[in-house]
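Comments concern the structure below.
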Amino acid sequence: MPTRYFKYKTLDDIRKDVARLGLDITFEEKLTAIAQPVTIGTRTIGNALGIHPMEGCDGTLDGAPDELTFRRWRRFGQGGAKLIWGEATAVTEEGRANPRQLFLTEKRLPEFEKLLRGARTAHREMFSRDDDLLIGLQLTHSGRYSYRAPVIAYHHPQADRLTFLDKGKGIHLTEDYPVVSDDALEKLEDAFVEAAVLAAKAGFDFIDIKQCHTYLLNELLGARIRRGKYGGSFENRTRLIRNILGKIKNELGEKIMLASRINVFDSIPFEADPQTHAAAPMPFSIPYEYSFGVDKSNPLKEDLTEPLALVTLLRQHGVRLVNVSMGSPYYNMHYGRPFERRPDDGYETVEHPLIGVARHFRLTETIQNANPDLAVVGTGYSWLQKFFVNAGESNVRRRRVSIVAAGRGAIAYPDFARDALTNGELKSSSVCLAVSYCTDLMRSKNNELGQYATGCVPRDDEVYAPLYKEVLKKKKFTADEKVKTASQK
Ligand SMILES: Cc1cc2nc3c(=O)[nH]c(=O)nc-3n(C[C@H](O)[C@H](O)[C@H](O)COP(=O)(O)O)c2cc1C
């Protein structure tokens, strides 16, 4: 039986566990600081609550938002958080993570405008104003997780073994797999600029050049062993992001705000025992020359020297909003999203989820402390269930973060900000339970579209429970077939 971690009824219960584990997570009962406006560049948002990018994998096959995408954005608009960080949107077809990932093109612009309008209108209808609401879009290339074929910045010895050309057959990347060329990266700079121009045309307030979760631009930040102008030195590894930001600035000036979601700590890949689902870091040697934000003498520990330098550089290139994240959703998911129940493709958590939450808070605080006048968005709150706003309140009061945002917590409970600010607390019956069904749906590919839509199975059950049931039925069918075939042999 997997361990149950979240057993807290009151703030004092959770405080006791935090003290027992010796962590720096503090809570405030009265929610006042998160209700205050926050300045971001030249704009001011109405409160310090935000919604992280949350892909629904529910676009059309050619990359436009579809029915469920519109629905999610409307729900986010109605919810009351004043920062809505739109989800991963590919800048090229080959960089899409799945066949239903959004992909911003001129042809699809009207649908993106409609998506934005839907969220803004819903917000205005609920709160009578939307001039203090900021909505952005995350622009991305999925790199080694592109669904058509992996695009890698360099050969990462551990990640390569977990990057599959054919997962079913267990065929992973080998040393002769080509690394993306400098020419291709240079072309990609222009693809980001084109998408930024379209996002500005659609009316988004900001664009995020995504550098997190081990996708292409994040991988490039750790490409110390890559040769050529995009690898090796810190200057080379940041060439792509600098060029993208510089070109966007040339093209758009102040027409759109620049933002970036960054990994401040990649750590290293973990591998699970297929029977017990217990995980351990994959074997590695020292000094560790791979990944970003890691201590070379112990890559399980962060070294924020380069991430801090990255933030300085981003600011010099006009970035006004930074969202701090860490880890990889594919190979060390406990860092990015502390969880209660493991996803089917994952492992039992290797640490108490509170340790993961505390790590998020601590690393974000380091970035915020070094940049007190920068709008910094914090991650890793959802596992705290109804107490996440109390922790956020304390973090804002302590200036450990500027904006407190929820990812899974927002698809479970899009109205969390409204409830927190009007009732002073969240409803236990609506919060995210961190049970990973959203990830399970996201990883399910065996329907006619090659991808299931994802959302919150327990809390948004009318839409997503039937999808999840279908996935389970198919899995059981496949398992039964395997047993049948094996017994016939
Ligand atoms: C279903 C799902 C979709 C996600 N989509 C994105 C995305 O599009 N872009 C991104 O940067 N992170 C994405 N994430 C990560 C979340 O934004 C967030 O960082 C993570 O869930 C941890 O925050 P939380 O504890 O508030 O959920 C996704 C996570 C899940 C579970």
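Listed by chain and number, the lysines whose alpha-carbon sits under 25 Å from that of K114, ignoring those within fewer than 8 places in the same chain, are K82, K201, K210, K255.
Taken about its Cα centre, the chain carries a charge dipole of roughly 600 debye when the Cβ of each Lys and Arg holds +1 and the Cβ of each Asp and Glu holds -1. For the chain, just say rounded, prolate or oblate: build the C-alpha gyration tensor, square-root its eigenvalues into a ≥ b ≥ c, call rounded for a/c under 1.5, and beyond that prolate if a/b exceeds b/c, oblate if not. Because its axes are fairly even, with a/c under 1.5, the chain counts as rounded. Other residues with beta-carbon under 11 Å from the beta-carbon of D58 carry, at +1 per Lys or Arg and -1 per Asp or Glu, a net charge of -1.
With neighbours defined as other Cβ atoms within 10 Å of a residue's Cβ, the residues T238, T39, T60, T364 order from fewest to most as T39, T60, T238, T364. Membrane-span-like helices in the chain, defined purely by DSSP H runs whose alpha carbon atoms cover 20 Å or more axially and whose average Kyte-Doolittle hydropathy reaches -1.0, are 109-127, 182-202, 353-370, 461-488. Could you compute the net charge surrounding V193? Neighbours are other residues with a C-beta less than 12 Å from the C-beta of V193; K and R count +1, D and E count -1. It works out to a net charge of -2. Each Cα pair under 8 Å and six or more residues apart adds its separation to the average, and for the chain the resulting relative contact order is 16 percent. So, counting K/R as plus one and D/E as minus one, what does the shell of residues with Cβ under 14 Å around S382 add up to? Residues close to S382 contribute a combined charge of +4. Shown is the FRET efficiency for R117 and S428, computed with R0 = 56 Å from the Cβ-Cβ distance and rounded to the nearest 0.05: 0.95.
Each of Y381, Y468, Y452 was scored by other Cβ atoms within 10 Å of its Cβ. Listed from fewest to most, they are Y468, Y452, Y381. Modelled this way, with points 7 Å down the Cα-to-C-beta line, the labels at E94 and I171 are 1.9 nm from one another. Inter-part distance, the stretch 1-61 to the stretch 157-172, computed on C-alpha centroids, equals 34 Å.
For the stretch 150-282, the gyration tensor built on C-alpha atoms gives a prolate shape. Its axis ratio a/c (a ≥ b ≥ c) is at least 1.5, and a/b is the larger of a/b and b/c. Comparing Cα centroids, the stretch 278-302 and the stretch 195-238 end up 22 angstrom apart.
Taking the DSSP bridge list for the chain and keeping only pairs wholly inside it, about 20 percent are antiparallel.
Quick check: from the Cα gyration tensor, does the stretch 249-391 come out rounded (a/c under 1.5), prolate or oblate? Here the stretch 249-391 falls in the prolate category. Calculated mean residue ellipticity at 222 nm for the chain: -11500 deg cm²/dmol, from DSSP H runs with n ≥ 4 weighted as -39500 (n - 2.57), summed, divided by the residue count and rounded to 500.
Every number in this text was worked out from the coordinates using simple rules, so none of it is lab data. Please read these numbers as outputs of a predicted model, since none were measured by experiment. In this analysis, Cβ positions are derived from the backbone assuming ideal geometry, glycine residues included, and neighbour counts consider all displayed protein chains.
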